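> Below you'll find the structure I mean.
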Amino acid sequence: MDMAVTDRQRRQAYALADAFVRTLDERDPVALQRDWAVAPALADEIVDMLDGYFAPQQRLALAPLALAFAPGKGGRPAVDVYATDAGPLGMECQLLADGKPGEAILHLEVAGHDDAMRLSYRYLAS
């Protein structure tokens, strides 16, 4: 079984994660439920966790696409997309606050093929 992630898959996963982070930046649990099918209790928990990592006025973002997959400090990219044995692609995304790397790492899964890929929130941790 070929477990390599193609550049196309990486870019599609990035686009979904970027859209998700734009929703996170709103800190609106209703938007998480509506736009990403996040359960109500989990949406509230995500917003509370964001408040623990970032000040309310800080703008959240991913590293720009041109830099996202390049190795950073410690050799890890700001956005890592990897194949899993279970099938979906895994993602670890360092969240930026006002353009600067923060300690929060967003863990996501992306499943599906081509233009039918869908993103699922896994967890947020340091």
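> Over the chain, with every protein chain in place, what whole percent of the accessible area is carbon and sulfur at 1.4 Å, could you tell me?
Ligands and nucleic acids excluded, carbon and sulfur reach 52 percent.
> Using a simple charge model, +1 on the beta-carbon of Lys and Arg, -1 on the beta-carbon of Asp and Glu, nothing else, what dipole does region 21-126 show about its Cα centre, in debye to the nearest 20?
300 debye
> Rounded, prolate or oblate: which fits region 38-90 when a ≥ b ≥ c are the square roots of the eigenvalues of the alpha-carbon gyration tensor, with rounded for a/c under 1.5 and prolate only if a/b beats b/c?
oblate
> Related question: How long is the gain from Gln57 to Lys73 if the chain were fully straight, where each residue apart is worth 0.36 nm and the alpha carbon distance is subtracted?
Working it through step by step, the gained length comes to 3.1 nm.
> Ignoring solvent entirely, what values of log10 I(q)/I(0) come out of the Debye formula for the chain at 0.10, 0.20 Å⁻¹ when each Cα is a single scatterer?
Results for the chain at q = 0.10, 0.20 Å⁻¹ read -0.29, -1.18.
> State, as an integer percentage, the relative contact order of region 8-126 based on alpha-carbon contacts under 8 Å between residues 6 or more apart.
22 percent
> Going by a ≥ b ≥ c, the root eigenvalues of the Cα gyration tensor, does region 1-41 fall in the rounded group (a/c under 1.5), the prolate group (a/b larger than b/c) or the oblate group?
It is prolate, given that a/c is not under 1.5 and a/b is the larger ratio.
> Using θ = phi - 60° and the Karplus curve 6.51 cos²θ - 1.76 cosθ + 1.60, what whole-Hz ³J(HN,Hα) does each residue of region 26-37 get, with Gly and Pro shown as x?
6, 6, 10, x, 5, 5, 4, 5, 5, 8, 10, 6
> Ok, one more. Report, in cubic angstrom per residue, the convex hull volume of the C-alpha atoms of region 70-123.
110 Å³
> Calculate, for region 1-73, the solvent-accessible area per residue in square angstrom, rolling a 1.4 angstrom probe over the heavy atoms of the protein chains.
Ligands and nucleic acids excluded, the result is 60 Å² per residue.
> Continuing with the same structure: Sort Val81, Val30 by heavy-atom solvent-accessible area, probe 1.4 angstrom, most to least.
I get Val30, Val81, largest accessible area first.
The values are calculated or read from the model by the stated rules, or taken from the named source; none is laboratory data. Quick caveat, the model's predicted, so the values are computed rather than measured. Don't worry about glycine lacking a Cβ; one is built from the backbone with ideal geometry, like all the others, and counts go over all protein chains shown. The accessibility values were calculated without ligands, DNA or RNA, using every heavy atom of the protein model including side chains. Shrake-Rupley method; radii C 1.70, N 1.55, O 1.52, S 1.80 Å.
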